[in-house]
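Enquirer: Before we start, here is the structure in question, set down as structure tokens.
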Amino acid sequence: MRRLAAAALVLGMLATPASAPSVPSAPYGPSAPSGPPSPSPAPTRYQAAPDTQRTRTGALLPGPGTYADDIVKGETRSYRVRLDGSTNIYLSAVLTPAPGAAVDVVDGISLSLRTPSGLACGLRTDVRFYGDTARPVADYVSRRVEPGRDCQEPGEYVLDVEGVGRDTGSQGKPWRWPVEIGYVEEAAPGSDVPAPLPPTAWSTEPPAGAFRDGETRPVRGGTGFNDAPPLAGPGTWRDELRPGESRFYRVPVRWRQQLFARARFGNAEPPPGGSALPDGLRLALYNPARGAVDERKGLYTGEPASLLLGTAPAAYANRTQGATESVGAMRFAGDYYLQLTLDRRAPAPVPLALDLTVATPSPAPGQPAGPASGQSAGPASGADSGPAPGLDSGPASGPAQGGASAAGPDPVLRAVGIAGVSTGTALVASLAAWPLLSSRRPRPRSRPRSRPRGRHARGA
């Protein structure tokens, strides 16, 4: 009997989904009303910047700014850029399908920068939905001016944006969605400006008392990067998410600061049939150049839940010394963007409380307490910003870390790999628990926490 019970436990753990539930929290907002949910207004579409210019494949992007185009799955849109030999540039793409649009888990876009002859300037960046709820998704490729890196010469280069997704054969028409291209420059400072160094001891767990009880201020999140309202922490803001909606918020982060954000979702209508919606709640963070930093996901059940995200300290050295993609993306001082998303299958709006704070870890021995004045000289409008929005500047660093191939890992294979790791972990855990089963002394198991999503490594 003991062996049968243990075997059943192993099979049950192997069948457990890899998606982690959200972290439970204290209730926020009113209890879910009884009876059928009332219809909620449709979410607002992504708002373009007022100075957005229309472009097309093959066109020259004349300089820093925002450009709009459309892309179809299976096609590649190419844009020409003329670069000098002394300026770092970041080229981003934001895919903006209509809220509530049907998407596949691997739908998205792929970005790459190359010479006209085809020489790659770095690794390809893949931007996928990794879910079936349409929402703005973004990332970038870059050209950094540093000895030993490719594409250092002044001249013309080509940004390729490819629409990617699963091959559905004749089952439907390829999707066509708007895409927003961002072009920002980062001026290289003089050699006499020291680089802001990251603290050597820090944690992504918020410090004690990081989220203070106090006044909750109302706010209405934006539809994207262009209309995100500024939130200067610490503090708590209240908002509401409608089914299939994403809302954006802009938070300034200075050198050496860490950002901590906690999204608390209140009581709401449960999903139809009382089932849970995997990854129905999302909290994502983007840096000033619209590069993906990190993401947290959780189950939507209609019950109160929360998602917590903490970053590495912002430092120029993170570009080459960051041990993970999330650390490497904390390479700027300026405005960072939080994105909250509710699954399109949720039956009613959900009340939201957003807790924010920034903290500065103690410097390591021998490190300065903070950056010298004048260390911010790139495009941005946030804290420690220079002439243009969101990017820091610092001295050139060594070659970037990472040895992935230019094509990057296939997202479908990566999903299979993640499932395999989860299965193996569950098997090891079950074997470790065998002696406890045989002695009939079971212990309570802790609930798993949500995990950040992975992205293709970038060499810039």
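The values are calculated or read from the model by the stated rules, or taken from the named source; none is laboratory data. Note that the structure is predicted; figures quoted are calculated from it, not measured. Positions of Cβ are generated from backbone atoms using ideal geometry, with glycine treated the same way; all protein chains shown enter the neighbour counts. Accessible surface is based on the protein model in full, side chains and every heavy atom, while ligands, DNA and RNA are left aside. Shrake-Rupley method; radii C 1.70, N 1.55, O 1.52, S 1.80 Å.
Enquirer: Quick one: net charge of Val103's neighbours, Cβ under 11 Å, K/R +1, D/E -1? Each step should come with its number before you reach the end.
Expert: Working: positive: Lys73, Arg128, Arg135, Arg166, Arg344; negative: Asp104, Asp107, Asp132.
Here the count lands on +2.
Enquirer: With labels modelled as points extended 7 Å from the Cα through the Cβ direction, what inter-label distance (nm, one decimal) is found for Val105 paired with Ser86?
Expert: Between Val105 and Ser86, the simple spin-label model gives 5.0 nm.
Enquirer: Now a separate question. How long are the semi-axes of the equivalent ellipsoid of the stretch 305-367, defined as square roots of 5 times the Cα gyration tensor eigenvalues? Whole Å, largest first. Please report the intermediate quantities before stating the final value.
Expert: Numbers: eigenvalues 203, 40, 19 Å².
The answer is 32, 14, 10 Å, longest axis first.
Enquirer: Quote the FRET efficiency, to the nearest 0.05, computed for Asp167 versus Ser78 with a Förster distance R0 of 25 Å and r equal to the Cβ-Cβ distance. All intermediate terms of the calculation are to be shown ahead of the outcome.
Expert: Values: r = 22 Å, r/R0 = 0.89.
In this case the efficiency is close to 0.65.
Enquirer: Which distance in nm do the two modelled labels at Leu60 and Thr115 give, with both placed 7 Å along the Cα-to-Cβ direction?
Expert: Calculated label separation equals 2.0 nm.
Enquirer: Would you mind checking the stretch 204-232 for residues with the amide N under 15 Å from a putative spin-label position 7 Å along Cα→C-beta of Arg45?
Expert: Counting backbone N atoms under 15 Å from the label point, the list is 223-224.
Enquirer: When Rg is the radius of gyration of the Cα atoms in the stretch 186-298 and Rh is its Kirkwood radius, what does Rg/Rh come to?
Expert: On the way: Rg = 17.5 Å, Rh = 17.2 Å.
Rg/Rh for the stretch 186-298 comes to 1.02.
Enquirer: Once the piece of chain linking Thr360 and Arg345 is laid out straight, how much longer is it, given 0.36 nm per residue of separation minus the C-alpha distance between them? Don't skip to the end; give the middle numbers.
Expert: Working: separation 15, 0.36 × 15 = 5.40 nm, distance 3.93 nm.
Between Thr360 and Arg345, full extension yields an extra 1.5 nm.
Enquirer: Using a 1.4 Å probe over the heavy atoms of the protein chains, calculate the carbon and sulfur portion of the accessible area of the stretch 275-346 as a whole percent. Intermediate results must be reported in sequence, preceding the final value.
Expert: Details: 670 of 1490 Å².
Reported share for carbon and sulfur atoms: 45 percent.
Enquirer: Still on this structure, I have one more. Report, please, the projected area of the stretch 36-109 averaged over directions, based on the convex hull of its C-alpha atoms, in nm².
Expert: Details: hull surface 30.8 nm².
That works out to 7.7 nm².
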